[in-house]
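The values are calculated or read from the model by the stated rules, or taken from the named source; none is laboratory data. Only a predicted model underlies this, so the values are computations on that prediction, with no experimental measurement involved. In this analysis, Cβ positions are derived from the backbone assuming ideal geometry, glycine residues included, and neighbour counts consider all displayed protein chains. To get the accessible areas, we keep the full protein, side chains included, count just its heavy atoms, and leave off ligands, DNA and RNA. Shrake-Rupley method; radii C 1.70, N 1.55, O 1.52, S 1.80 Å.
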Amino acid sequence: MTHRSTRRTVILATGASALLAGCSKYDSGGGSSDSSPKASSGRQLTTTGAVPVGGGMIFKDQKVVVTQPAKGDFKAFSAVCTHQGCLVDKVANGTIDCPCHGSRFSVEDGAVKNGPATRPLPAEQITVEGNSIRLA
């Protein structure tokens with residue numbers, strides 16, 4: 001028996017593919033870090049003096065969080081929670097906190113300190129020149 005494509009099967013297949021492609025952006029894995037908008041290369045985010053030692057600052061437009069776990073040691077991570085893609089909203093008590101479901105990540109390395117997230121925040125590239133912190 002040979003299968004003959006009809007207009008209906010082609011439309012259904014095309015619609016299903018479009019639906020799956022659209023949904024994959026919002027999967028519980030947080031999607032690809034390459035899909036989030038980034039600041040232009042070299043754009044200054046802040047100054048070294050503005051980032052508290054043991055804490056950090058969130059840059060919502062760039063979807064980046066910059067931390068200073070120890071004096072003079074600056075780190076940057078995606079501000080998109082790896083659980084369901086919410087933006088983190090607070091850096092306090094050594095953690096980067098997500099308001100949606102309570103996940104907390106280490107300011108030192110982005111590691112999960114409290115779930116439901118199971119994957120760390122991906123590192124972002126920054127450069128520190130003088131007192132300027134720039135997104136690389």
- request: Mind giving me the FRET efficiency for residue 132 and residue 108? R0 is 30 Å, r the Cβ-Cβ distance, nearest 0.05 is fine.
  value: 0.85
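What is the percent carbon and sulfur in the accessible area of region 92-136, measuring with a 1.4 Å probe over the protein chains and ignoring ligands?
Details: 1060 of 2430 Å².
In region 92-136, the share of accessible area belonging to carbon and sulfur is 44 percent.
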